[in-house]
Amino acid sequence: QVQLVESGGGLVQAGGSLKLSCAASRRTSTTYAMGWFRQAQGKEREFVAAKNRSGGSAFPSDSVKGRFTISRDKDKDTVYLQMNSLKPEDTAVYYCAAGPTLGTVKSGWSDEILWGQGTRVTVSS
């Protein structure tokens, strides 16, 4: 049905920046809210941030607050994650997520959530 495609991951040294993108293949009610999770090797999936079409946001978690910024294109279902002051502990696969509400996306467990394939971010010390 709807496919989410992430891009922008890569290798960066500590203190550097990356910008991730996630585009939905088509606009539906299931992509009203879109955001990001990340999962490091051997760790549980962690919510990062999310934003809906009306401008509402589920704000960044404490681990990224003040360093990461989420934004969304006004004309299409594309969400971005600007990551600054990157740290080695930010190393993870970053997954795009979409759903009908911010709460649904943030929960991380609903079967209504659509998931992207993930893009890998590696931060070297």
Starting at the first residue of the range 12-23, write each ³J(HN,Hα) from the Karplus equation 6.51 cos²θ - 1.76 cosθ + 1.60 with θ = phi - 60°, in whole Hz, x for Gly and Pro.
9, 7, 3, x, x, 9, 9, 10, 8, 10, 9, 10
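Would you mind counting up the charge near PHE59? Only other residues with Cβ under 11 Å from its Cβ, with Lys and Arg at +1 and Asp and Glu at -1. List each step's numbers first, then the result.
Numbers: positive: LYS51, LYS65, LYS106; negative: ASP62.
Neighbourhood net charge equals +2.
Taking a probe of 1.4 Å, how large is the accessible area per residue of the range 1-61, in Å²? Let's see the in-between values first.
Values: 3260 Å² over 61 residues.
Heavy-atom SASA per residue in the range 1-61 reads 53 Å².
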Quick one: dipole size for the chain, taken about the Cα centre, charges +1 on Lys/Arg Cβ and -1 on Asp/Glu Cβ, in debye to the nearest 20.
280
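Please report the net charge: other residues with Cβ closer than 12 Å to the Cβ of VAL121, K and R +1, D and E -1.
+1
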In the range 80-125, carbon and sulfur make up what percent of the accessible area (probe 1.4 Å)?
48
Around ALA50, under 11 Å between beta carbons, what's the net of Lys plus Arg minus Asp minus Glu among the other residues?
+3
What residue among ALA92, SER54, SER21 has its Cα farthest toward the positive end of the dipole of the chain, where the charges are +1 on Lys, Arg and -1 on Asp, Glu, each on the Cβ?
SER54
Compute for the chain: radius of gyration divided by Kirkwood radius, i.e. Rg/Rh, restricted to C-alpha atoms, rounded to two decimals.
0.94
Kirkwood-based Rg/Rh on the Cα set of the range 1-71 evaluates to 0.97
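The values are calculated or read from the model by the stated rules, or taken from the named source; none is laboratory data. Predicted, not measured: the structure shown is a model, and the values here were computed from it. Note: ideal-geometry Cβ built from the backbone for every residue, glycine included; neighbour counts use all protein chains shown. Ligands, DNA and RNA are excluded from the accessible area calculation, which covers all protein heavy atoms including side chains. Shrake-Rupley method; radii C 1.70, N 1.55, O 1.52, S 1.80 Å.
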